[in-house]
Amino acid sequence: MIKKVTGSDAENWEKIADDYIFFVKNNKNGYLRFLLYGSLYLNLLKLANGIKNKRILDAGCGEGSFCRTLAARDAIVEGCDASQTMIKAAIEDGSEINKSV
């Protein structure tokens, strides 16, 4: 049976924000992120090799891990998200650039 999702996308992301943030912070090796996003993540990282000094907008940045990954490759990155919890987490973790991916 298919159930209709109620609420806006922003409201729905806000509801799961804490669980998503926990998931990302506890899976630094990227394996589970790969399972979640598949080859899209790997292809984005391949494109990220030539982004030094490029301005990039990460729309739907979540807790900011991909922003930090791009910043580690010397991109000028701005992230935005509809979830205030995700934005707060991104700002709090802003000094922790992810160079391991």
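The values are calculated or read from the model by the stated rules, or taken from the named source; none is laboratory data. Just so we're clear, the structure is a prediction, and the values are computed from it rather than from any experiment. Note: ideal-geometry Cβ built from the backbone for every residue, glycine included; neighbour counts use all protein chains shown. Side chains are part of the model used for accessible areas, which takes the heavy atoms of the whole protein and leaves out ligands, DNA and RNA. Shrake-Rupley method; radii C 1.70, N 1.55, O 1.52, S 1.80 Å.
Being at pLDDT below 90 and open to solvent by 80 Å² or more (accessible area, probe 1.4 Å) is not true of LYS54. Mind checking which residues of the range 70-81 are modelled with pLDDT of 90 or more and surrounded by fewer than 18 Cβ atoms within 10 Å (Cβ to Cβ)? Across the range 70-81, the qualifying residues are ASP74, ILE76, GLU78, CYS80.
In the range 37-49, the residues that are within 15 Å of ARG68 (Cα to Cα) reach residues that are of a type outside the set (Gly, Ala, Ser) and modelled with pLDDT under 75 with C-beta atoms within less than 7 angstrom, at least six apart or across chains, in these pairs: TYR41/ARG33; TYR41/PHE34; LEU45/VAL101.
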